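Notes follow once the structure below has been shown.
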Amino acid sequence: MNAIVKQHLIDPEICIRCGTCEETCPIDAVTHNDDNYVVDAEKCNYCMDCIAPCPTGSIDNWRVVNTPYSLDEQFSWEELPEQEDIATDEGAAATMEALEDEISALLAEAHKGTGGKPVAPASAAKPSVNLYSRSKPAIATVQGNLRLTEEGTGNDVRHIVLDLGDTVFPVLEGQSIGIIPPGEDAGGKPQGVRLYSVASARDGERPNTNNLSLTVKREEVGVCSNYLCDLKRGDKVQVTGPFGATFLIPEDPAVKLVMICTGTGSAPFRAFTERRRRTMPSVKGGLTLFFGARRPEELPYFGPLKKVPPQLMTQHLCYSRVPDAPKEYVQDRMLTCADELSALLKDDGTHVFICGLKGMETGVDESFASICRQSDLDWSAVKTAMRESGRYHVETY
Ligand code: NAP
């Protein structure tokens, strides 16, 4: 018999195939095929680096085994196998107990987010996660599907409202949900789950309604985006989640939020703004938004944003494709606001949230570094301290 091991596995029913685990793993123990993301038991050294960044928690699964499941076995799974009965002579039982203790301690560290991994804001409410899965989805009814960008711009971004009816589906601002598009993929398997940030506040599109909204851009070959953008009122949609335990709005009214986004990455910030507006209308100057789009006509929520009072939020709307105007990205505008941003970075109450295109991450980072150099701050140290105290959050795809 092989030695007993506690094998690290990924739950294929909850995993949304975002690839964060594979990107994070420092020793390439995580791999994937067209079906599943899996962990190679021969390589995994239990460093737990992949645990905190996983947006769904599907990475946090374990089975005590005599013989580890092979990669091929894991690739073939549609659900995790049950824990097998393991021989429980005295020696084996003691080994199992020791393994349980060791892994629990490592996981506790990983979930604390030490070592620069994501940590929730100290004042964030406790989120519910993974209440509904691919095998047990919630069913929502489409309540509305509104185009947010001007007709004829070629950039079709939708505000989609999903009514949860009597289903208990608690979400916090900053969390995401999964959508299961109908039909099968090219390999004849059910379509996988796609993730979208919730764009509404926790108490619904309007206060005290059991619904939520999404911001979805139609992509030319996007299976799920086209499915969602074509939905009509009354259509039923299979929903999983909620997901995400760290990119969450802080509840402390003294906290200042710097929100930096491109395109549909604005979804969580619409939720943040609504939450602040509903619960802290008298708080002045707490929100600063840097929002990049091609043109005003293609900026999601352009109309509603114009109505947000300047006392509630300072807005920096930046455009990259306005005819006869210089191209401006969010990171360019940040440089022109160096004094304002360095004052915010010096304030221990400031939280930075970045959401949108993967490509913006480097540019935003370089702008923060440049702003810090001008004001005798060390960006690398500031960022680490902010991360470790749950004040720096990035969600880019
Ligand atoms: P987009 O329309 O393609 O771009 C928005 C703006 O960002 C454009 O002005 C674009 O400029 C600019 N941009 C391009 N590269 C940039 C860079 N390196 N740095 C800064 N700005 C840059 O955006 P989108 O298609 O809506 O994409 C939004 C992203 O957010 C997607 O990756 C999506 O997956 C992600 N996201 C979506 C959600 C959601 O719930 N829907 C949630 C979280 C994140 P040019 O094109 O003119 O260069």
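Derivation of every value follows stated rules applied to the coordinates shown; laboratory data play no part. For clarity, every value in this text was computed on a predicted model and none was experimentally measured. Here the Cβ positions follow ideal geometry from the backbone for every residue, glycine too, while neighbour counts run over all protein chains shown.
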*If one computes P(r) from the Cα atoms of segment 5-112, what percent of pairs lie at distances over 19 Å?*
43 percent
_Given N residues in segment 282-341, what is its alpha carbon radius of gyration divided by 2.2 N^0.38 Å?_
1.18
*Tell me the trypsin sites (Lys or Arg not before Pro) within segment 353-397 that lie in a loop according to DSSP and have at most 11 other beta-carbon atoms within 10 Å.*
Lys358
_Only four residue types carry charge here, +1 at the Cβ of Lys and Arg and -1 at the Cβ of Asp and Glu. Report the dipole size of the chain about the Cα centre in Debye, rounded to the nearest 20._
2380 debye
*Span-like helices, the chain: DSSP H, alpha-carbon axial extent 30 Å or more, mean Kyte-Doolittle -0.5 or greater, which ones?*
90-112
*So what's the Cα pair-distance distribution over the chain, bin width 10 Å, in %?*
5, 21, 30, 25, 13, 5, 1, 0
*asked:* Taking a ≥ b ≥ c as the square roots of the Cα gyration tensor eigenvalues, with a/c under 1.5 meaning rounded and otherwise prolate when a/b beats b/c, else oblate, which class fits segment 256-396?
replied: oblate
*Exposure proxy ranking, count of Cβ atoms within 10 Å, fewest first, for Arg333, Arg278*: Arg278, Arg333
*Local electrostatic count at Glu78 - Lys and Arg +1, Asp and Glu -1, tallied over other residues with Cβ under 10 Å*: -1
*Order of 131-137, 154-160, 257-263 by packing, highest average Cβ count within 10 Å first?*
257-263, 154-160, 131-137
*Going by C-beta contacts inside 10 Å, put Ile139, Ile51 in order with the fewest on the left.*
Ile139, Ile51
*Answer with one residue from Thr336, Tyr37, Val352: the one whose Cα lies farthest towards the positive end of the charge dipole of the chain, charges on Cβ with Lys, Arg +1 and Asp, Glu -1.*
Thr336
_At 222 nm, what value in deg cm²/dmol follows for the chain if DSSP H runs of at least 4 each add -39500 (n - 2.57) and the sum is divided by all its residues, to the nearest 500?_
-7500 deg cm²/dmol
*asked:* Loop-only GluC sites (Glu not before Pro) in segment 43-146, please: DSSP not H, G, I, E or B, and at most 16 other Cβ atoms within 10 Å.
replied: Glu78, Glu79, Glu82, Glu84
*Could you line up Asp365, Asp166 from fewest to most neighbouring Cβ atoms inside 10 Å?*
Asp166, Asp365
